[in-house]
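The values are calculated or read from the model by the stated rules, or taken from the named source; none is laboratory data. Not measured: the values here are computed from a predicted model. For neighbour counting, all protein chains shown are included, and Cβ atoms are generated from backbone atoms with ideal geometry for every residue, glycine included.
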Amino acid sequence: MALVGLADSNSFFASCEKVFRPDLKNSPIVVLSNNDGCIVALTQEVKDLGIQRGEPYFKVEKLLKKSGCAVFSSNYTLYQDISRRIFEILGIFVEDIDLYSIDEAFFSFPEYLNENEVSSYINKLHNTLYRRTGMKVSIGIGRTKTLAKIANHIAKKNNGAFYLSKEKEEKIIKNLPIKEVWGIGYRNAYKLESFKIHTAGALIEKDDKWIRKNFSITGLRTVYELRGIPCINEDDYRIRSFASGISFQKPVTSFEELLESLACHCSVVASKLVSKNIKAGTVGVQINSNRFRDNYYSSFYYIKLTQSSCYGPTFIKACRSCLEHIYKNNVEYKSSRVFVYDFSFSQDRQLSLFDTPNYSSLLKKRDNMALCVKEIETSEGKNVIHPAITYSKRKHDLSSRKYLSPCYTTRWKDIAKVY
DNA sequence: TCTGGGGTCCTAGGACCC
DNA sequence: TCTGGGGTCCTAGGACCC
């Protein structure tokens, strides 16, 4: 059985911002969500001020300014590129990389190596990643994904790499607080504590039937993983749906403006579908008013397309129909979102009984158009071609990003200068 | 004034069938 | 008074993750 490894960057977004700003090496840093709304990444210095991830920025703005904290809007272009570089290097060292999120990846590791060999190999990996990207990436190794996650947690506190061997498991799990276990959120932690279970050690002692009854199959899987039996498979990460959405800077009330924002999201999802070489069979639209206000309104509607598609204008048309079902007058809308699911591979197309040859050739033309748009976006940049309906609004114009850093690694004019 | 965005999985319960 | 038993499929909502 192979060992499982987990590579995970520390305060990923905040660390990316530090790479090109050595002057901020020891400064507190926060990175804000879209629209500069919430804190989504923060360094230890900021955590020490008692601030948590998810905190609305306006509530702590004064405190942060007083402590000399550097503030950034999310620069996904930069983070995505640094992430790509990290995983590229990881691929030189290990096999079967399974990307879990922008800053995390599981991988497999040969078990025939002895403990010292594993430890020195992962230390070397950690150091190479730091030297070549400027990012501190913690490496944890264990018998299962859940154990690798625990090992990674320990690595973060030590020197960046940790191998949780079978021999060490018992001692470490015994006193591990239940809420630090991956897969146990605050609600289940609270529930477990009401049963007087406070540590992972106490949890793995419990009877399988009891766990299944109180915490469902998901809870039982976590317990098996803690016992060293792998239960979380790579298949679990197959994409089933994705979405594009954003909060507006100012409330939106008109049907046309909402549709315009949805059209921007359609372009984003269409482009993502083309790059993955898949088509979506269902399109959904969600619109929301401000959830912190009275009379909160949120509605969702979806349409199954007659033919799976990756063509933006087809999605826009579907969004218009969805919106007609859920749009209400006199509501101040705060956000909109487009979902796509029911994926199929691009080459399989099931024609319906009443399709005419003309219709299939139209569908072919649309496929080609979608590919063509993607090619233009790749060579000329994302904002050079877009549906006419979105002419006055681009996705990023809809939200505020006051503290955006340069795209150091992906745009020539933003490249770092050395004086 | 201001409160993110993007995912996954599971379960209960309703609708429907024989 | 009292209303079967065994399925499937779908959806909303909850819980979790980053």
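Counting only residues that are among the charged types (D, E, K, R) and within 11 Å of DNA strand B (Cβ to nearest atom), region A:57-102 holds 3 of them.
Give me the residue from region A:50-70 that is of a type in the set (Gly, Ala, Ser) and surrounded by 13 or more Cβ atoms within 10 Å (Cβ to Cβ) and, out of that set, nearest to A:Val30 (Cα to Cα). It would help to see each step written out before you state the result.
The initial filter retains those residues of region A:50-70 that are of a type in the set (Gly, Ala, Ser), namely A:50, A:54, A:67-68, A:70.
Imposing the further condition that a residue be surrounded by 13 or more Cβ atoms within 10 Å (Cβ to Cβ) reduces the set to A:67, A:70.
Working: A:Ser67: 12, A:Ala70: 6 Å.
Checking each candidate, the answer is A:Ala70.
The numbered conditions (1) closer than 30 Å to A:Phe345 by Cβ; (2) more than 10 Å from DNA strand B (Cβ to nearest atom); (3) assigned by TED's automatic domain parsing to the domain that holds A:Phe300 are all true for A:Pro230 except (3).
The single condition among (1) within 26 Å of A:Val331 (Cα to Cα); (2) of a type outside the set (Asp, Glu); (3) within 15 Å of DNA strand C (Cβ to nearest atom) that A:Cys264 does not meet is (3).
A single entry from A:Ile211, A:Ile229 fulfils the requirement of being within 16 Å of DNA strand C (Cβ to nearest atom), of a type outside the set (Gly, Ala, Ser) and either touching a helix residue (DSSP H, G or I) at 6+ places or on another chain (Cβ under 9 Å) or in contact (Cβ under 8 Å) with a residue 12 or more places away in the chain (or both): A:Ile211. Filtering region A:145-189 to residues that are within 16 Å of DNA strand B (Cβ to nearest atom) and among the hydroxyl-bearing types (Ser, Thr, Tyr) leaves A:Thr146, A:Tyr186. Sub-9 Å Cβ pairs linking a first residue in region A:179-193 that is farther than 16 Å from A:His153 by Cα to a second residue that is more than 7 Å from DNA strand C (Cβ to nearest atom) and of a type in the set (Phe, Trp, Tyr), at least 6 apart or interchain, are A:Asn188/A:Phe215; A:Lys191/A:Phe215; A:Leu192/A:Phe215, ordered by first then second residue. Within region A:268-299, being under 12 Å from A:Thr314 (Cβ atoms) and in contact with a Gly (Cβ under 9 Å, 6 or more places away or on another chain) holds for A:Val269, A:Ala270.
Among the residues making up region A:128-171, those that are closer than 21 Å to A:Pro22 by Cβ and touching a residue at least 12 places away in the same chain (Cβ under 8 Å) are A:Thr128, A:Leu129, A:Tyr130, A:Arg132, A:Thr133, A:Gly134, A:Met135, A:Lys136, A:Val137, A:Gly160.
Look through region A:25-79, keep the residues that are among the basic types (Lys, Arg) and within 16 Å of DNA strand C (Cβ to nearest atom), and return whichever of them is nearest to A:Ser399 (Cα to Cα). Step through it out loud before you land on a result.
Taking region A:25-79 as the starting set, the residues that turn out to be among the basic types (Lys, Arg) are A:25, A:47, A:53, A:59, A:62, A:65-66.
Now drop any that are not within 16 Å of DNA strand C (Cβ to nearest atom), which leaves A:47, A:53.
Details: A:Lys47: 26, A:Arg53: 20 Å.
If we take residues in region A:25-79 being among the basic types (Lys, Arg) and within 16 Å of DNA strand C (Cβ to nearest atom), then A:Arg53 is nearest to A:Ser399 (Cα to Cα).
Among the residues of region A:33-51, the one identified as out of contact with any Pro (no Cβ under 8 Å at 6 or more places or on another chain), outside any helix (DSSP H, G or I) and either under 22 Å from A:Arg411 (Cα atoms) or of a type in the set (S, T, N, Q) (or both) is A:Ser33.
Search region A:98-127 for residues being among the charged types (D, E, K, R) and within 25 Å of the chain's Cα centre (by Cα), and hand back the single one that is nearest to A:Val19 (Cα to Cα). My answer is A:Asp103. Quick one: A:Gly54 ticks every box in (1) in contact (Cβ under 8 Å) with a residue 24 or more places away in the chain; (2) within 16 Å of DNA strand B (Cβ to nearest atom) bar one, so which box is it? With respect to (1) in contact (Cβ under 8 Å) with a residue 24 or more places away in the chain; (2) within 16 Å of DNA strand B (Cβ to nearest atom), A:Gly54 is out only on (1).
Residues that are at pLDDT 90 or above, more than 23 Å from the chain's Cα centre (by Cα) and part of a strand (DSSP E or B): does region A:1-13 have at least one? Yes: one or more hits.
Return a yes/no flag: does region A:190-207 have any residue that is more than 25 Å from A:Ser120 (Cα to Cα) and within 16 Å of DNA strand B (Cβ to nearest atom).
Yes, because at least one residue in region A:190-207 is more than 25 Å from A:Ser120 (Cα to Cα) and within 16 Å of DNA strand B (Cβ to nearest atom).
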